[in-house]
Structure formats: structure tokens, C-alpha cells
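One structure is given below, encoded as C-alpha cells.
What follows draws every value from the coordinates through simple rules; no lab data is involved. The structure displayed is predicted, hence computed values, not measured ones. Every residue, glycine among them, receives a Cβ derived from its backbone with ideal geometry; neighbour counts consider all protein chains shown.
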Amino acid sequence: MFSFRKSASLPSAGEALPGRATSIAITDRHLVNRQSLQGPYPEGSETVYFGLGCFWGAERLFWQVPGVLVTAVGYQGGQTQNPTYEEVCSGMTGHTEAVKVVYDPKMVSLDQLLKLFWESHDPTQGMRQGNDVGTQYRSAIYTTTPEQLRQAEASAAAYGAALKARSTRFGPVTTEIRAAPPFFFAEPYHQQYLERNPNGYCGLAGTGVSCPIGVGVAA
């Protein structure tokens, strides 16, 4: 996956592409577990969204977790309505590539998901992730409840402290954390991409620093 415009800044409201009123039509069922991508989701489930670079590998990371019920990839955090992949790659939508994670909190905690998130990418790189450069690759956590937001912010502080203690080569955490903005499903060929293409591109690379949350260790 490559961005067409190596931009390090988000477009203003006046610069962003307008998009369209019609959403992208997607296949209803998850290719791996056959659950409905768009819901309704099981009673008692919760939803959180993660951006950690290219969403192909990021989605597989989460669908493999016991207790995660549904995953889907899409575009989030920008201003363009119902964008296409090409528009997001242009850098003129403000969206990042995001993974929607629907999970059963009785089977997997948010802390466990956050730990996996932090340890699977470098959250200090700003508008990039490794060789993938552009606003669509920025790190993000978008939450759906006040408690999720509190936990996400606390985890960022804990992981930032762990990075600082481990090495001077890491800067501050640049992850965008806020209440979830609208999520726009990506095109069908992006959904569960690495199940369709087992040898496809996956750019995930962590820092090698363990996240102290959820394991009883103070930051």
C-alpha cells in the first residue's frame, strides 16, 4: 500500500474533498468468521476503532484475538463523506486507515486490545508508519464510551513512559485519541484482505517495548 501524496499535514475543511452521499456497498459477511460486518452485533458487545498503519495487517491482528467478534476496515477521522481508497490515498480527505473492532468484554478486555495495539506499531511517528508515509497511516484510537476514552488516554501515558524509559530514540506518542467520528467502510476487496491474499503486504512493526497496561505493572 502506498500513498499518492506524501503529505504530513491534514487538509482544512475548505481543502478536503467533498465525497458523496452514497456509501460504498460491501459484502455483508466477514470472510473468516461469517459474522455480519454491519451488524446488528451481539448484545453486550462493545466497539472500538484502531489506526496503526496499513489496515490490511492491522485487521488480521485483531480478528485473531479470542473474544473479538467482528472486524472491518474503513476510513475515519477526516472530513470527506464516504471516500474511496484513491481519495484517501490522495491525502485530501483527512482520514486514517482504521479497523473497527467489535468485541465481547467478557472474553477480552479493552486493556488487552490496547496492549496489542501499542505493541504492534510505533505510535511516535506522526503521519507515517515505517515506509508508509502520509496522513492515512497515522496512529489513532477512536472510542465509543467515556470509559474507553479514559482507558485509552491512560494507556497512552503508560506506554509513552515505557518508551521513554527504554530508549532515547523514541519521541512522544503522537496517537490521536478521541470519541469516534463517523466510520466509512472501505471497498470490499480491502475487507479481510490478508485472508483473501495470504502473501499480501503487511507493514506492521512494533517498537520492541512492552506495554505495561493490563499486566499489573506500573508505567
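Straight distance only, please: which aspartates and glutamates reach the Cα of Lys106 with their own Cα at less than 20 Å, same-chain residues fewer than 8 apart left out?
Glu43, Glu46, Glu147
Within the chain, which is the longest segment that contains none of the trypsin sites (Lys or Arg not before Pro) sitting in a DSSP loop with at most 11 other Cβ atoms within 10 Å? Could the numbers behind the result be given before it?
On the way: sites that count: Arg34, Lys106, Arg169.
Between the exposed loop sites, the longest stretch runs 35-105.
Let me know the shape class of the stretch 135-179, please: from the alpha-carbon gyration tensor, a ≥ b ≥ c as square roots of the eigenvalues, rounded when a/c is under 1.5, otherwise prolate if a/b is greater than b/c, or oblate.
On the way: a/c = 4.55, a/b = 1.51, b/c = 3.02.
Because a/c hits 1.5 or more and a/b fails to exceed b/c, the stretch 135-179 counts as oblate.
Taking just the C-alpha trace of the chain, give me its Rg and Dmax in Å.
Reported Rg and Dmax, both Å: 16.5, 48.
At most 15 other Cβ atoms within 10 Å plus a DSSP loop assignment makes a site exposed; report the longest stretch of the chain without any exposed GluC sites (Glu not before Pro). Display every interim value, and only then the final one.
Numbers: sites that count: Glu15, Glu43.
Counting at most 15 other Cβ atoms within 10 Å as exposed, the longest clean stretch of the chain is 44-219.
When DSSP beta bridges are limited to those with both residues in the chain, what percentage is antiparallel, rounded to the nearest 5?
Details: 23 of 28 bridges.
Counting DSSP beta bridges with both partners in the chain, the antiparallel share is about 80 percent.
Could you tell me the distance between the Cα centroids of the stretch 63-138 and the stretch 159-219, to the nearest Å?
The stretch 63-138 and the stretch 159-219 have Cα centres separated by 8 Å.
Please list, by residue number, every one of the chymotrypsin sites (Phe, Trp or Tyr not before Pro) in the stretch 138-219 that is coil in DSSP and has at most 14 other beta-carbon atoms within 10 Å. All intermediate terms of the calculation are to be shown ahead of the outcome.
Numbers: sites: Tyr142, Tyr159, Phe170, Phe183, Phe184, Phe185, Tyr189, Tyr193, Tyr201; in loops: Phe170, Tyr201.
Here the chymotrypsin sites (Phe, Trp or Tyr not before Pro) that fit, given the DSSP loop and packing criteria, are Tyr201.
What does the helix-only formula give at 222 nm for the chain: each DSSP H stretch with n ≥ 4 adding -39500 (n - 2.57), the total divided by the residues, and the result rounded to the nearest 500 deg cm²/dmol? All intermediate terms of the calculation are to be shown ahead of the outcome.
On the way: 5 runs with 49 residues, N = 219.
About -6500 deg cm²/dmol.
Tell me which aspartates and glutamates have Cα within less than 13 Å of Lys115's Cα, excluding those fewer than 8 residues away on the same chain?
Glu153
Hey, with R₀ at 30 Å, roughly what FRET efficiency would Asn197 and Thr168 work out to, going by the Cβ-Cβ distance, to 0.05?
On the way: r = 38 Å, r/R0 = 1.28.
Calculated value: 0.20.
Compute the FRET efficiency between Arg34 and Ala157 as 1/(1 + (r/R0)^6), taking r as their Cβ-Cβ distance and R0 = 41 Å, and round to the nearest 0.05. Could you put the intermediate results ahead of the total?
On the way: r = 38 Å, r/R0 = 0.94.
After rounding, the FRET efficiency stands at 0.60.
Given a cut-off of under 8 Å on Cα pairs at least six residues apart, what relative contact order in percent is computed for the chain? Working shown, then result.
Numbers: 479 pairs, mean separation 64.8, N = 219.
This gives 30 percent for the chain.
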